[in-house]
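Structure, as structure tokens:
Every number in this text was worked out from the coordinates using simple rules, so none of it is lab data. Being a predicted model, the structure only gives us computed values, none of them experimental. Cβ atoms come from the backbone with ideal geometry, glycine included; neighbour counts cover every protein chain shown.
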Amino acid sequence: MILTINCGSSTIKYQLFTTDVTRVVARGIVSRIGETGSCFEQEVGGRKVQEVTAVANHHQAFEICIRNLLHPEYGAIGDIHEIEAVGHRAVHGADLFIASTLIDDDVIAKMEECVPLAPLHNPPNLIGIREGLALLPAVPHVAVFDTAFNQTMPPKAYLYPLPYRFYQEHKIRKYGFHGTSVRFVSQRAAEVLARPLTDLKMVVAHLGNGVTMTAVAGGKAVDTTIGFATFSGVMMGTRSGDIDPGLIFHMRRQLGLTPDEIERILYKESGLLGVSGLSNDMRTITEAARAGNARCQLAMEIFAYMATKYVGAFAAAMGGLDVLVFTAGIGENSPEIRELICRNQEFLGITLDAERNALAVGGREMALNQDGGRTAVLVVPTDEERMIALDTMRLAGVG
Ligand code: AMP
């Protein structure tokens, strides 16, 4: 079997797949690690267990995961040796990793080098890798980087027009995130259409709490909206997305806000929450908008307008558009947002079938375009864990 691990600062999510990655055998999460109210949840064969338990650190959290996978009553395996390989989600691989890779000391050292670029995400990923290696030292471990898929962007797309030394000396450039999701979704979209991925110009709209739009031409990322930090592009739950950077100086000098306050406002108090004044959650906003809340209607309109503009920009960047794919929480579940994004886009060949759009909720894989529409419009539920497991199967030579 293949174990996937997504280790964050206070959470470990894991899934156990059959070795051929056709089936999820178990999934679980340990949350609030090192905090009060730590909690463990696991689901095996439809049976869920949940327990509040003290979890002081990641080492203990890993022991809990393995103990529960092996649990005689509600576990999934009888022996730890049934795990043949482990796949780790890794957030930032900078320009050092252009693909997933088998983990060795050199890979760990390079991931350490990437820490300044992702100070919140890479350290817990590294803890996860070290704990995983300690618990399962005899099996191959694979790192799957969120940034790797976007490494195919050309310099004209990834370089910011700053003095060049910032790129040379400090690696400041666009990296992009959600690459594992976008790679899974773009490959699956080509399968659904029964067309070669190499022939297709796609825009993948990963619309979740974090939002990434990515231009994928011939299966390769050519541009993406999230750049250096997890901030630019379309507005998100609490992040503003694209703003005029001059605003930051205005907020500092004219409004007297400190850099920390500005950072908090742009990352935690903006986006859907900032405009609506109600919530960062698109479900809550949609319900309030339906009930006539004007600020929630406006939040949805701005969100969709920003996304529509990137569909157009990326179609221009690729010189055409064959497929628009929606994925992640909002992309998979919100007919209203998809309708707003696709409205008046006939000039790009995008025509939405209203009935199909209304039916595409709850993570259904569906085509939404009208019959004969020049551009395919799809919903493809994302599955980053499956992509990690598939890479692990291939690189570990199991399955
Ligand atoms: P994710 O980060 O992919 O889990 O997506 C989270 C986002 O998806 C949140 O803004 C949710 O409100 C949104 N979402 C989930 N279900 C729905 C739904 N039925 N309608 C609208 N938004 C939804």
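When a footprinting reagent is the concern and you count Cβ atoms within 10 Å, what order do His170, His71 take, fewest first?
Working: His170 11, His71 14.
Going from least to most buried by this count: His170, His71.
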Checklist entry - Can you give me the relative contact order of segment 1-128 as a percent, contacts being Cα pairs under 8 Å and 6 or more apart? => result 24
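Just check segment 1-54 against the gyration tensor rule for me: Cα atoms, a ≥ b ≥ c as the square roots of the eigenvalues, rounded for a/c under 1.5, and otherwise prolate or oblate depending on whether a/b exceeds b/c.
Numbers: a/c = 4.69, a/b = 1.72, b/c = 2.72.
Oblate, because a/c is 1.5 or more while a/b does not exceed b/c.
Which whole-number value in Å³ per residue fits the convex hull of the alpha carbons of segment 184-340? All intermediate terms of the calculation are to be shown ahead of the outcome.
Values: hull volume 17.2 nm³, N = 157.
Spelled out: Cα convex hull of segment 184-340, divided by residues, is 109 Å³.
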Checklist entry - Going out from 0 in 10 Å bins, what whole percent of all Cα-Cα distances in segment 134-237 drops into each bin? => result 15, 39, 28, 15, 3
Next on the checklist: Looking at the chain as a GNM with Cα springs under 10 Å, which of Pro196, Pro137, Pro245 has the largest mean-square fluctuation?
Outcome noted: Pro245
Item to check | Sequence-distant residues sharing a close amide H with Ala85 (under 5 Å, placed H) | outcome: Leu3
Checklist entry - How large are Rg and Dmax for the chain when only the alpha carbon atoms are used, in Å? => result 21.5, 64
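Quick check on segment 1-95: take the gyration tensor over C-alpha atoms, sort the square-rooted eigenvalues as a ≥ b ≥ c, and tell me if it's rounded (a/c under 1.5), prolate or oblate.
Working: a/c = 1.91, a/b = 1.08, b/c = 1.77.
Verdict is oblate for segment 1-95.
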Item to check | Contact order relative to length of the chain, as percent, for alpha carbon pairs under 8 angstrom and 6 or more apart | outcome: 14
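Tell me, Kirkwood radius of segment 323-399 from alpha-carbon pair distances, in Å? Walk me through the numbers before you get to the answer.
Working: mean 1/r = 0.0741 Å⁻¹.
One over the average 1/r among Cα pairs gives 13.5 Å for segment 323-399.
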Item to check | Global form of segment 192-274, assessed from the alpha-carbon gyration tensor, a/c cut-off 1.5 | outcome: prolate
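Chymotrypsin sites (Phe, Trp or Tyr not before Pro) within segment 78-166: which are DSSP loop residues with at most 15 other Cβ atoms inside 10 Å? Walk me through the intermediate numbers first.
On the way: sites: Phe97, Phe145, Phe149, Tyr158, Tyr164, Phe166; in loops: Phe97, Tyr164.
Hits after loop and neighbour filter: Tyr164.
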Next on the checklist: Ignoring everything except DSSP H segments at least 4 long, calculate the 222 nm mean residue ellipticity for the chain; use -39,500 (n - 2.57) per segment, divide by total residues, nearest 500.
Outcome noted: -11000 deg cm²/dmol
Next on the checklist: I'd like the Karplus ³J(HN,Hα) series for segment 30-46: coefficients 6.51, -1.76, 1.60, θ = phi - 60°, whole numbers in Hz, and an x wherever there's a Gly or Pro.
Outcome noted: 10, 10, 6, 5, x, 10, 7, x, 4, 9, 10, 9, 8, 10, 10, x, x
Checklist entry - Relative contact order for segment 138-267: what is it in percent, counting Cα pairs under 8 Å that are at least 6 residues apart? => result 20
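Per-residue counts of other Cβ atoms within 10 Å, averaged by peptide: what ranking do you get for 181-193, 112-124, 48-60, highest first?
Working: 181-193: 21.9, 112-124: 16.8, 48-60: 13.8.
Top of the packing list down: 181-193, 112-124, 48-60.
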